[in-house]
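Participant: Sharing a structure, written as C-alpha cells. Questions coming.
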Amino acid sequence: QSSQSGSGSGDFTLPTTADEFLNFRVIVCTCVDAHILFLCGMTNASLRSRRQCLQSFISQVLLKNSPGVSIKGSSEGDSFLEGVDKPHFTHLFIDEACQATE
C-alpha cells in the first residue's frame, strides 16, 4: 500500500490488521512473505473453507431456531451467502528482485 505524506514523499506502509489486509484483492510479495501468508491462513483455500464453515453454522442455527423456515440454497453444495465459493484474492505476484533472503 503506497501512501503520500504531506511533504510529497511517498511512504510504503503495510496493513496492520487482518481486516485491513483483506480489503486488498491483489498481493505483491516475496516468496518468504507468501509463505508467511500461507502459515497465517491467508490463502484462497483457507478463506473459502472458513466462509463455508460460517455458512454451515448459520444454516444450522437458523434451521434449528426456526423449524418451518427454509433457506434458499441450503441444500448440500449450494451457498446462500454471497461469495462463499469465490476466491478472495485475484492475483499474487511474487517479486524477488533484489531480495537476498537466502
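Participant: Residues that are among the β-branched types (Val, Ile, Thr) and at pLDDT 80 or above: list the strands (runs of 3 or more DSSP E) wholly contained in segment 1-76 that include at least 1 such residues.
Facilitator: 26-29
Participant: Pairs only if they're at least six apart or on different chains, beta carbon under 9 angstrom, first in segment 22-34 and more than 24 Å from Arg51 (Cα to Cα), second open to solvent by less than 70 Å² (accessible area, probe 1.4 Å); list them, first residue then second.
Facilitator: The qualifying pairs are Cys29/Leu37; Thr30/Glu96; Cys31/Glu96.
Participant: Could you tell me which residue of segment 17-65 is nearest to Ala97 (Cα to Cα), considering only residues that are open to solvent by 40 Å² or more (accessible area, probe 1.4 Å) and in contact with a Cys (Cβ under 9 Å, 6 or more places away or on another chain)?
Facilitator: The residue in question is Ile36.
The values are calculated or read from the model by the stated rules, or taken from the named source; none is laboratory data. Just so we're clear, the structure is a prediction, and the values are computed from it rather than from any experiment. Backbone-built Cβ (ideal geometry, glycine too); neighbour counts: all protein chains shown. These area figures cover heavy atoms from the full protein model, side chains too; ligands, DNA and RNA do not enter into them. Shrake-Rupley method; radii C 1.70, N 1.55, O 1.52, S 1.80 Å.
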